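Structure record follows, encoded as structure tokens.
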Amino acid sequence: SLTIDSKGNYWITDVGRQQILKFSDKAELLLTVGEWRKAGETRSLFNLPTDVVVNDDGSFFVSDGYRNSRIIQFDSNGVYIREWGEKGSARGQLDTPHGVARDGDGDLYVADRENFRVQKFNAAGQFIRQWPESPDSSLVFDVEVTRSGLVYVALDRSRDAVAILDSGFRPIGRISFDSTSALFGHNLTVVGDS
């Protein structure tokens with residue numbers, strides 16, 4: 001995935017390298033977290049990480065999704081702070097956390113792909129709520145939150161849609177695509193605050 005933080009730095013989550021890379025807007029490598037092509041489940045190793053979201057202070061969260069089913073928080077220098085999550089389907093458990101976003105209050109939204117839901121946590125990893133309440137059969141690939149609190153959720157190709165929720169996780173809209181359309185993929189990027 002590709003993330004741009006509030007200071008204009010570019011963050012690349014490289015699932016093949018098992019690393020998170022931070023670059024300046026001048027393409028200067030500023031930070032590398034994880035070891036080149038070395039998988040693991042320690043404080044310094046990922047196992048197929050999927051996304052990163054950055055706080056205004058430079059600390060960041062990584063969804064370490066395909067194998068480890070966890071969220072890891074690091075400080076702005078890439079030093080481990082905490083983690084949460086384990087493989088499972090109960091509230092607070094994860095199965096392939098595929099995308100992560102945060103709102104203006106610092107709460108995290110995790111696209112819990114194989115559990116067909118988005119889970120909301122506070123910054124310390126405590127479960128707040130999920131959408132939908134009773135997960136259906138739509139894989140959830142990504143989630144983004146606008147400054148105004150709207151939540152956009154990319155659903156799998158069988159549904160070819162983006163669900164739009166308000167800050168209380170109530171559905172307020174949907175963007176649907178023709179199943180033959182090449183315009184829709186799995187990842188979302190919110191530009192501006194529309």
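The values are calculated or read from the model by the stated rules, or taken from the named source; none is laboratory data. Just so you know, these numbers come straight off a predicted model, no measurement behind them. As a convention, Cβ positions derive from the backbone with ideal geometry for all residues, glycine included, and neighbour counts pool all protein chains shown. These area figures cover heavy atoms from the full protein model, side chains too; ligands, DNA and RNA do not enter into them. Shrake-Rupley method; radii C 1.70, N 1.55, O 1.52, S 1.80 Å.
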>> Of everything in the range 112-130, what is open to solvent by 30 Å² or more (accessible area, probe 1.4 Å) and in contact with a Phe, Trp or Tyr (Cβ under 7 Å, 6 or more places away or on another chain)? Give them in sequence order.
In response: ARG113, PHE127, ILE128, ARG129
>> Can you say whether ASP57 is farther than 23 Å from GLN119 by Cβ, surrounded by fewer than 17 Cβ atoms within 10 Å (Cβ to Cβ), among the acidic types (Asp, Glu) and in contact with a strand residue (DSSP E or B) (Cβ under 9 Å, 6 or more places away or on another chain), as far as the supplied structure shows?
In response: no
>> Condition first: modelled with pLDDT under 90, at negative phi and either in a strand (DSSP E or B) or more than 16 Å from the chain's Cα centre (by Cα) (or both). Now tell me which residues in the range 137-161 satisfy that.
In response: SER137, SER138, LEU155, ARG157, SER158, ARG159, ALA161
>> Take the residues in the range 131-151 that are closer than 10 Å to GLU114 by Cα and in contact (Cβ under 8 Å) with a residue 24 or more places away in the chain; name whichever of them is most open to solvent (accessible area, probe 1.4 Å).
In response: LEU139
> Does at least one position in the range 73-82 carry a residue that is within 20 Å of THR146 (Cα to Cα) and open to solvent by less than 10 Å² (accessible area, probe 1.4 Å)?
Replying inline: no
> Within the range 1-23, which residues are surrounded by 14 or more Cβ atoms within 10 Å (Cβ to Cβ), basic (Lys, Arg) and outside any strand (DSSP E or B)?
Replying inline: ARG17
> If you check every pair at least six apart or on different chains, which have Cβ atoms under 8 Å apart with a residue in the range 163-191 that is more than 25 Å from SER63 (Cα to Cα) first and a residue that is modelled with pLDDT under 55 and of a type outside the set (Gly, Ala, Ser) second?
Replying inline: PHE177/LEU183; PHE177/PHE184
> Would you pick out the residues in the range 24-54 that are of a type outside the set (Gly, Ala, Ser), open to solvent by less than 50 Å² (accessible area, probe 1.4 Å) and without any contact (Cβ under 8 Å) to a residue 40 or more places away in the chain?
Replying inline: LEU45, PHE46, ASN47, LEU48, PRO49
> Pairs, please: C-beta under 6 Å, at least 6 apart or cross-chain, first residue over 21 Å from SER1 (Cβ atoms) and in the range 88-115, second in a strand (DSSP E or B)?
Replying inline: ARG91/PHE127; GLY92/PHE127
